[in-house]
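First the structure, in the form of structure tokens, and then the observations on it.
Computed from the coordinates by the stated procedures, all read-outs in this text should not be read as laboratory data. Owing to the predicted nature of the structure, the values given are computational and were not obtained by experimental measurement. Cβ sites come from the backbone with ideal geometry, for glycine too, and all protein chains shown count toward neighbours.
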Amino acid sequence: MEKPVKKMSKRDRQELLNRERAGAGANGIFSRRLDFSTFNLLPKHKVNSYQIKIEDEGNHGNDDTRLFILSTLAGQHKPRVSCALCKETLHVFDRYPLVDGTFFLSPRQHTSGAVEVKVEGRTQYLTCVCMGCLERCDPERTIRCRFCGQKWDGSSLVLGTMYSYDIFMATPCCAERLKCNNCFKALLHPQQRLNYSDYSHPMACPHCRVLDTHFVKPLSYCFTKRAFPLFQQWP
């Protein structure tokens, strides 16, 4: 898993901590997790600290990722978020695991509930997907590529934390997902692969020279919740 933000200076860390406290108020706007019963949805072999983010990485629980998420949401007075796929409302907790799902950053606003943030000068959107959709707990939560029919699988992602890239676009499954957003010509050979995070970075099309985050496309363009026809748009 890649870090969401570069290593903070002491000044930046303290500023984020102050923002979190100021936005949360004396009693805090975020929930306190009483137990881990919600994770009973998972297979038993996945209920562990490798699949679920449990411990803070920094001193006193104030690691960069946690501070980034809580201060961002506190600034927007958002103690709850919604899943980008099923729209289920999820409580945000004050300690890891921060949510019954996972957060990620995307250069595209996939839903109206995604929160705009600035990361290293770039506009990103803090987005969430619930555990049920990541694990595909029932057929209604399954999404598949509109072009090749392959199912999207988020079951390997760590729960309760945040990824610094668009998790939906990090594993393009076919050539249609590798085309320029402007001229629609191929940016990569279908067998060529990039690092997960590289698919969320801007690049210049070698054909039309347009600079864009070409691999990050609307969810409704890439995915459908229906098995057939494959070209039926989501939902």
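Points worth noting:
- Per DSSP, loop chymotrypsin sites (Phe, Trp or Tyr not before Pro) in the range 156-199 with at most 16 further Cβ within 10 Å: Phe184
- Cα Rg, Dmax (largest Cα-Cα span) when computed across the range 136-208, Å: 13.9, 42
- Exceeding the 24 Å Cα-Cα cut-off - candidates Lys185/Lys217; Lys151/Lys179; Lys53/Lys179: Lys53/Lys179
- For the range 79-169, the set of trypsin sites (Lys or Arg not before Pro) satisfying both a DSSP loop assignment and a count of at most 12 other C-beta atoms within 10 Å is given as Lys87.
- Phi-based couplings in Hz for the range 81-89 (Karplus 6.51, -1.76, 1.60; Gly and Pro marked x): 10, 10, 5, 5, 9, 9, 6, 4, 7
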